[in-house]
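Report on one structure; see the data block that follows.
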């Protein structure tokens, strides 16, 4: 961390751009302890509701959609074409793959990963650290 601190004057904000959730969390904590401030990055073609809330260090890629009152925690990734619908929540260090979708009122737990094309139905809560494989759909029972 001492070597990281040397670079504080060279930047206003940083982003930890690593797809592995656990590693992204660990490095984000180290960078934070070194005194850096975090950027939140939103691609110009993403659609973000004005009532959505984005945590520090989050990334919203091209074509992604964040609906009304959607919430992203710290260090989250919403990849290209992914959807976080109304009142859905992505907890800290969660990750939506390309074209993954979360219906209204869903929760993606801390460090969970919903891979490309997977979907979670209305009201479903995905446990922290879970991985949903590509194309899987999870519906509330």
Rounded to the nearest 500 deg cm²/dmol, what is the calculated helix-only ellipticity per residue at 222 nm for the chain, with -39500 (n - 2.57) per DSSP H run of length n ≥ 4?
-3500 deg cm²/dmol
Just checking my list (1) 126, 63, 14; (2) 51, 28, 20; (3) 38, 33, 25 against Cα extents along the principal axes in Å computed from this structure; which label fits?
(2)
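Among 110, 24, which comes first, second and so on when ranked by fewest other beta-carbon atoms within 10 Å? Write down the numbers at each step before the final one.
Values: 110 19, 24 23.
Lowest to highest Cβ neighbour count: 110, 24.
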Label-point separation in nm, residue 116 to residue 131, each point 7 Å along Cα→Cβ
1.5 nm
Simple label model, 7 Å out from Cα along Cβ direction - residue 22 to residue 141, nm
2.7 nm
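Within a 10 angstrom radius of the beta carbon, how do 8, 44 rank from fewest other beta carbons to most? If you can, show how the numbers build up before the last one.
Details: 8 13, 44 5.
The most exposed by this proxy come first: 44, 8.
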What FRET efficiency do you get for residue 13 and residue 45 if R0 is 22 Å and r is their Cβ-Cβ distance, rounded to the nearest 0.05?
0.55
Exposure proxy order (Cβ contacts within 10 Å, fewest to most) of 138, 16, 60
138, 16, 60
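Specify whether the C-alpha gyration tensor of segment 60-130 places it in the rounded, prolate or oblate class, a ≥ b ≥ c being the square roots of the eigenvalues: rounded for a/c under 1.5, otherwise prolate if a/b is larger than b/c and oblate if not. Please report the intermediate quantities before stating the final value.
Values: a/c = 1.24, a/b = 1.08, b/c = 1.14.
Taking the square roots of the gyration eigenvalues as a ≥ b ≥ c, segment 60-130 is rounded.
Coordinate-derived values only; no laboratory data. Predicted, not measured: the structure shown is a model, and the values here were computed from it. Here the Cβ is made from the backbone with ideal geometry for all residues, glycine too, and neighbour counts use every protein chain on show.
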